[in-house]
Amino acid sequence: MTIAVVSAMHEELAAVLALMPDEHKEVVAGREFWRGHLHGREVVAVLSRIGKVAAATTATVLVERFGVERIVFTGVAGGLGPGVKVGDIVVADSFLQHDLDASPIFPRYEVPLYGQSRFATDPQLSAQLAAAAKEALPGVTLHRGLVISGDRFVATTAESRALQLALPEALAVEMEGAAIAQVCHDYGLPFAAVRTISDRADDAAHGDFTRFIQEVASRYSAAIVAALLAPTSASRAS
Ligand code: SAH
């Protein structure tokens, strides 16, 4: 059973690779895939790259070339929900593409020919990921629910307000999750995603994001992944 650990940022991938004693690099589609072990489990670690298309390609290669049977994503996101603060953690229950709009032919946000706008994550793997996050980072606030993705770094208060109005259930916004969720839906592969809130997707987002990446994000991701794959952990991914 091979698990893919997909990170959004270099800092996060480096922290995951530091936990792998034996990783070997394979380059496919210009991406560096690191095959090895983490706590004795077979793992392929890779950078998603930024944006929906790039993330979908990475996910497809993971399935087709590396035969992974689960995908776990760790990254950062902008907080949208009223109580979702910088430093909180969100485990996604489902994803939606906030910039997809083929109306009036299809309802806004619906992915044409799928008949749905939301793609659920795997309930069991998501529960394990949430348990791992709680175990690794006790005292950090954890939210679960809808995360939205689009090919835009949301960095103005006007845009985040518009998203909050249009999609009041959305806890956080990022740029990859919905694409990977759709690929995993197509292949019938369990997918789970955890995002640490790096900014509030508002006028201060750019500065907050940069500070957060350097100070917190990589430590959080590696700690959660280590807890998820630890042989003794109650949250151990099966
Ligand atoms: N120039 C930046 C680009 C990062 S894009 C850099 O230093 O590399 C932001 C990344 O973090 C994306 O992968 C996205 O998934 C996530 N993210 C964090 N905050 C976000 C926000 N407010 N809006 C959209 N994506 C966000």
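If R152 meets every condition in (1) loosely packed, with under 15 Cβ neighbours inside 10 Å; (2) closer than 12 Å to R195 by Cα; (3) among the charged types (D, E, K, R) apart from one, which number is that one?
Here R152 clears every test but (2).
Would a scan of the range 67-81 turn up a residue that is open to solvent by 30 Å² or more (accessible area, probe 1.4 Å) and closer than 30 Å to R200 by Cα?
Yes, because at least one residue in the range 67-81 is open to solvent by 30 Å² or more (accessible area, probe 1.4 Å) and closer than 30 Å to R200 by Cα.
Consider A45 carefully, then state whether it is within 15 Å of A4 (Cβ to Cβ), in contact (Cβ under 8 Å) with a residue 24 or more places away in the chain and crowded, with 17+ Cβ neighbours inside 10 Å.
Answer is yes for this residue.
Return yes or no: is A205 modelled with pLDDT of 95 or more, within 16 Å of the ligand (Cβ to nearest atom) and open to solvent by less than 10 Å² (accessible area, probe 1.4 Å)? It would help to see each step written out before you state the result.
Details: modelled with pLDDT of 95 or more: no; within 16 Å of the ligand (Cβ to nearest atom): yes; open to solvent by less than 10 Å² (accessible area, probe 1.4 Å): yes.
Criteria not met by A205.
How many of the residues in the range 1-40 are outside any strand (DSSP E or B), among the hydrophobic types (A, V, I, L, M, F, W, C) and more than 16 Å from the ligand (Cβ to nearest atom)?
Result for the range 1-40: 6.
Looking at S94, S117, which is the one that is under 23 Å from A222 (Cα atoms), open to solvent by less than 60 Å² (accessible area, probe 1.4 Å) and in contact with a Phe, Trp or Tyr (Cβ under 7 Å, 6 or more places away or on another chain)?
On the way: S117 fails: under 23 Å from A222 (Cα atoms).
Result: S94 is the single residue among S94, S117 that is under 23 Å from A222 (Cα atoms), open to solvent by less than 60 Å² (accessible area, probe 1.4 Å) and in contact with a Phe, Trp or Tyr (Cβ under 7 Å, 6 or more places away or on another chain).
Looking at (1) out of contact with any helix residue (DSSP H, G or I) (no Cβ under 9 Å at 6 or more places or on another chain); (2) open to solvent by 40 Å² or more (accessible area, probe 1.4 Å); (3) away from the ligand (no atom under 16 Å from the Cβ), find the lone condition where Q164 falls short.
Here Q164 clears every test but (3).
Can you pull out every residue in the range 48-66 that is open to solvent by 10 Å² or more (accessible area, probe 1.4 Å) and either assigned to a strand (DSSP E or B) or hydrophobic (A, V, I, L, M, F, W, C) (or both)? Even if it seems obvious, please write down each step before you answer.
So in the range 48-66, the residues open to solvent by 10 Å² or more (accessible area, probe 1.4 Å) come out as 49-50, 52-54, 56-57, 60-61, 63-66.
Result: I50, V53, A54, A56, V61, V63, F66.
From the list A193, A132, A170, pick out the single residue that is over 13 Å from the mean Cα position of the chain (by Cα), at pLDDT 95 or above, among the hydrophobic types (A, V, I, L, M, F, W, C) and within 13 Å of the ligand (Cβ to nearest atom).
After applying the criteria, what remains is A170.
The values are calculated or read from the model by the stated rules, or taken from the named source; none is laboratory data. Keep in mind that this is a model prediction, so the values were computed, not measured. Reconstructed Cβ throughout: ideal geometry from the backbone, glycine too, with neighbour counts over all protein chains shown. For accessibility, only protein heavy atoms count, side chains too; no ligands or nucleic acids. Shrake-Rupley method; radii C 1.70, N 1.55, O 1.52, S 1.80 Å.
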